[in-house]
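Asker: Next up is a structure, given as structure tokens.
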Amino acid sequence: MKNILVTGGAGFIGSNYINYILNERDDYNIINIDKLTYAGNLENLKISELKSNYHFIKGDIGNAELLRYIFEKFKIKYVINFAAESHVDRSILGSEIFFKTNVMGTNVLLETARFFEVEKFLQISTDEVYGSLGEKGKFSETTPISPNSPYSSSKASSDLMALSFFHTYEMPIVITRCSNNYGQFQFPEKLIPLMIINALNNQKLPVYGDGLNVRDWIYVVDHNRAINLVFEEGKIGEVYNIGASNEMKNIEIVNLILSQLKRDESLIQYIKDRPGHDRRYAIDSTKIQTELNWTPAFTFEEAIVKTIDWYLENKQWWQRIISGEYKKYYSEQYNLI
Ligand code: NAD
Ligand code: TYD
């Protein structure tokens with residue numbers, strides 16, 4: 001059995017990872033540590049709760065004492081670090097927690113993993129560490145790091161910190177930098193679920209600026225397939241970009257959601273732009289495709305329909321969310337509407 005500490009496994013990508021992997025592998029023992037912030041939700045993990053090779057611990061990756069206890073008790077030999085504050089708009093409203101969790105928390109986790117001599121430490125990073133592109137070109141693994149938001153700069157710090165632990169201590173670090181994800185269990189602060197839910201509620205769809213910013217979208221299942229491949233076969237000390245070559249303008253996504261849900265375009269409301277809004281992201285994933293033989297299994301056209309259907313069929317999941325802390329965040333973030 002591989003004893004794997006998965007951090008942030010109650011969030012969007014982490015919970016999809018755990019649900020996916022427990023179906024695929026019975027040689028993994030998954031220990032999930034999650035602080036259960038506003039973004040963590042144990043409902044995402046109902047299926048996993050039934051498995052004997054899954055354990056949940058509520059806790060903070062910045063808590064050294066708790067980590068030492070977990071590493072000892074579960075004989076942790078592998079770490080996949082998903083835990084993070086993950087939303088750019090929240091990092092603009094207040095950056096402190098981003099540096100506390102994403103930088104200092106990752107530091108505590110790395111130091112503990114170093115002490116216990118783990119065999120692999122996978123840091124889940126993001127393409128946002130590369131900054132913003134003009135109309136042409138794509139991010140490759142050698143593109144200079146140039147983050148623009150408090151979120152992306154905190155992620156860049158943890159990414160570079162992890163790499164420095166490889167160079168300095170020969171720790172078995174691997175990094176993935178993925179583009180924008182979508183799929184089931186995504187918290188409705190992010191573009192796609194927010195637009196789906198607002199459209200279903202016949203509320204305005206707030207589009208920042210001119211709506212022409214470009215993101216490169218990947219279905220969360222494809223991201224997690226890539227993560228596991230890198231976890232199993234990725235070369236120590238290497239960075240792997242992950243993306244499905246699916247660039248779209250924000251307004252195209254919004255229009256697609258409206259037409260799929262048979263809602264009118266009059267619901268779109270252009271609002272003041274996000275400060276420092278990155279214009280375009282695009283990922284070159286040649287390295288993972290050629291070296292690890294990964295390709296995305298889903299087209300955007302099929303996976304976006306699956307995603308919209310999931311939100312239609314799981315109203316209870318998101319209704320509980322939007323009636324909680326979310327209300328306060330939403331009114332602060334969208335006070336111009
Ligand atoms: P998310 O916000 O949905 O989930 C984050 C999880 O981390 C939550 O369950 C939260 O409770 C937990 N958490 C936060 N602080 C913690 C702490 N101090 N200790 C323990 N747990 C803590 O985020 P996500 O979208 O699932 O992203 C997961 C990872 O993937 C992040 O590192 C993010 O930067 C990265 N990433 C995300 C995307 C994307 O499109 N969502 C793309 C590329 C990379
Ligand atoms: P988001 O899902 O926050 O991801 P990120 O900023 O990390 O790429 O936003 C995706 C794009 O959608 C980004 O260009 C900002 C834009 N956006 C809106 O236009 N309106 C919104 O309400 C949100 C949340 C995002």
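The values are calculated or read from the model by the stated rules, or taken from the named source; none is laboratory data. It should be emphasised that the depicted structure is a prediction, and the values quoted were computed from it without experimental measurement. So basically every Cβ, Gly included, is an ideal-geometry build from the backbone, and we count neighbours across all protein chains shown. In case anyone asks, the SASA skips ligands and DNA or RNA and just uses the protein heavy atoms, side chains included. Shrake-Rupley method; radii C 1.70, N 1.55, O 1.52, S 1.80 Å.
Asker: Within the stretch 44-62, is there a residue that is assigned to a helix (DSSP H, G or I), open to solvent by 40 Å² or more (accessible area, probe 1.4 Å) and either near ligand 1 (Cβ under 9 Å from one of its atoms) or not basic (Lys, Arg) (or both)?
Answerer: yes
Asker: Another one. Is it the case, given these coordinates, that residue 213 is within 9 Å of ligand 2 (Cβ to nearest atom), open to solvent by less than 10 Å² (accessible area, probe 1.4 Å), more than 22 Å from residue 305 (Cβ to Cβ) and out of contact with any Ser or Thr (no Cβ under 6 Å at 6 or more places or on another chain)?
Answerer: Answer is yes for this residue.
Asker: Are there helices (runs of 4 or more DSSP H) fully within the stretch 237-337 with at least 3 residues that are within 16 Å of ligand 1 (Cβ to nearest atom) and not hydroxyl-bearing (Ser, Thr, Tyr)? List them.
Answerer: Details: elements: 250-260, 286-291, 300-313, 315-322, 326-333.
Output list reads 300-313, 315-322.
Asker: Of all residues in the stretch 249-274, which are under 24 Å from the mean Cα position of the chain (by Cα) and within 10 Å of ligand 2 (Cβ to nearest atom)?
Answerer: 249, 250, 251, 253, 254, 273, 274
Asker: Another one. Just one of 278, 284, 309 is of a type in the set (D, E, K, R), farther than 30 Å from residue 236 by Cα and crowded, with 16+ Cβ neighbours inside 10 Å; which is it? Explain how you work it out, then say what you get.
Answerer: Working: 284 fails: farther than 30 Å from residue 236 by Cα; 309 fails: crowded, with 16+ Cβ neighbours inside 10 Å.
After applying the criteria, what remains is 278.
Asker: Any idea how many residues of the stretch 77-109 are farther than 20 Å from residue 13 by Cβ and either of a type outside the set (Ser, Thr, Tyr) or surrounded by fewer than 16 Cβ atoms within 10 Å (Cβ to Cβ) (or both)?
Answerer: Restricting attention to the stretch 77-109, the residues satisfying the condition of being farther than 20 Å from residue 13 by Cβ are 77, 92-96, 99-100, 104, 107-108.
Those left that are additionally either of a type outside the set (Ser, Thr, Tyr) or surrounded by fewer than 16 Cβ atoms within 10 Å (Cβ to Cβ) (or both): 77, 92-94, 96, 99-100, 104, 107-108.
Total meeting the criteria: 10.
Asker: Pull out all pairs, ordered by first then second residue, where Cβ-Cβ is under 8 Å, the residues are six or more apart or on different chains, the first lies in the stretch 33-58 and is within 16 Å of ligand 2 (Cβ to nearest atom), and the second is open to solvent by 60 Å² or more (accessible area, probe 1.4 Å).
Answerer: Qualifying pairs under 8 Å: 38/325.
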